[in-house]
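All remarks here apply to the structure that follows.
Derivation of every value follows stated rules applied to the coordinates shown; laboratory data play no part. Keep in mind it's a predicted model, so treat the numbers as computed, not measured. Glycine also receives a Cβ, built like all others from the backbone with ideal geometry; neighbour counts cover every protein chain displayed.
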Amino acid sequence: MTDHLPAWVGLAPVLALAATGLALFVVDMLDPDDDSPTLLVGVSVVGTLTALGLAGWLLSAGAGFADGSRTLFGQALVVDGMALFFQALFAAVTGLVLVASFDYLQGRDYQAEYYALIMLAATGMALMATANSLATAFISLELASLSSYALVGFLKTNEGSVEGGLKYFLIGALSSAVFAFGISLLYGATGSLILSDVAAGLREPAALVGGAEGISGIAAVGVLMVAGGFAFKTASVPFQFWAPEAYEGAPAPVTAFLSSASKAAGFALMFRVFTVAFPLDGVGIDWMLLFQVLAVVTMTLGNFAAATQETVKRMLAYSSVGHAGYALIGLAAWTGGSVATAESGSVLGASMAHLLVYGFMNTGAFLFVALAENWGVGRRFEDYAGLGRQVPIAAVAMSVFMFSLAGLPPFGGFFSKLFLFGGAIDAGYWWLAAAGAVNSTLSLFYYSRVVKALWLDDPDQPIELTGTPTGLYAAVVVAAVGTLLLLPAFGPVIGTAEAAAVGLLP
């Protein structure tokens, strides 16, 4: 259906996000003293919905599957099913965050800059999903990261926001240096930055570097350093320690954005780089074993840390670390390379589908925290006592998010984890599925604390909620509806994700 269109049309979602970000700069330049965010939010949401519609159209038209993938700019970018799948996810999460920010930023300065930074970060994430070169991967990752640093420290008069932004920036700068150095080692070992050429060079070093001695060792170190850069971006062990500080200090809509869209972008790039560029039979290091260890350690540490927290926002921050461990199963059970199997595509597709469901339920949970902050409700579990009777619709939505994050049936998180753990078992890694199931059971403890406070606990003093934050309320409800709609639609979602993942098989 899209064969007659120029190749660059595949980048339409990215171009829509980038154009929206530039349009916001123009709006602010023409009317810098306008304190009304209506136009800014309107432009941002229209651009985001346009990107979502374009990604959905291209995906449904088959422009991004194995027989319809397209490379651009000397193979630096690729448009395929995985890229479009994640771009749709980024656009959906960005739209929810933008709508919620309308109320959250009321009366604050630098609103145009805030919305522009959101759009630029989303553009970087969309580019990360299409990166087919290590150079493009680094540039797109930095575009998303630099915007994110500023967003975390957006509340200039808030000590927690400034501290979180500074820690995020310092650790991010270190991880970027490690990532860039790893890329340089791989370039030195293979003579190319294009992912497929890197894979060819690793399989047969003589083809690119004359069979120089020590090439496999250099490449192995490069792979480890690249993995470290991705571990930072996805808040995986051992580079997870920035996440709780940054997530707790940042404005709650920004936390929702980073913990959902930014994390998914890191995984999108990681999936492509490791499955395409680093063949298991040529790297000189068993990176699948590395991710198996990281998956179990990350989900376990994240869940145990979340169980000990006393504030809802920090609990959700550590919970996001635990979910990074679940998503890592997609690579931990990958058996690509010369022994590629359908099970590899199945488990990777299940990981992609889990990230989509996670995008709705986790974004909604953090936006409920933003809603509570807007009403002046405290951050502790006890401060949420009695809210179910005061705001039943929002409380029902939060309950849906909590049960879905815990993986209880019949919510979307249950089906995404079911397919993910089932994929790991089919690939022969039943112990990964067992570790995920045990950790999901543990997570029910701290997620249920929120539901218990909302519906069963009595507040210490009467709750007085003032104002009607329409944008925040609407975003929370839409996220809950999206989480529930994924139940009947999960068949097409997992089918699309698995088809996109199979396209990565050699």
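Structural remarks
- Within straight-line cross-link reach of residue 263, lysines at Cα separation under 25 Å, skipping those fewer than 8 residues along the same chain: 156, 167, 233, 313, 417
- When only the Cβ of Lys, Arg, Asp and Glu is charged (+1, +1, -1, -1), the dipole of the stretch 286-506 relative to its Cα centre reaches about 60 debye.
- Counted by neighbouring Cβ atoms within 10 Å, the residues 319, 404, 69 run from fewest to most as 69, 319, 404.
- Each Lys or Arg adds one and each Asp or Glu subtracts one; over the other residues with Cβ under 13 Å from the Cβ of residue 469, this totals -2.
- Listed peptides 456-463, 143-150, 178-185 by packing density, highest first (mean Cβ within 10 Å): 143-150, 178-185, 456-463
- Its relative contact order, with pairs defined as Cα atoms under 8 Å and 6+ residues apart, puts the stretch 328-484 at 35 percent.
- Whether the chain is rounded, prolate or oblate, judged on the alpha carbon gyration tensor where a/c under 1.5 counts as rounded: prolate
- Comparing Cα centroids, the stretch 230-279 and the stretch 479-506 end up 20 angstrom apart.
- The chain: angle of helix 81-104 to the longest principal axis, Cα-based, in degrees nearest 10: 20 degrees
- Summing charges over neighbours of residue 176, with a neighbour being any other residue whose Cβ is under 12 Å away from its Cβ, gives 0 when K and R count +1 and D and E count -1.
- For the stretch 427-432, 3J(HN,Hα) per residue [Karplus equation, 6.51 cos²θ - 1.76 cosθ + 1.60, θ = phi - 60°, Hz, x = Gly/Pro]: 7, x, 10, 5, 5, 5
- Taking a Cβ cut-off of under 14 Å around residue 323, the surrounding Lys, Arg, Asp and Glu residues balance to a net charge of +2, with basic ones at +1 and acidic ones at -1.
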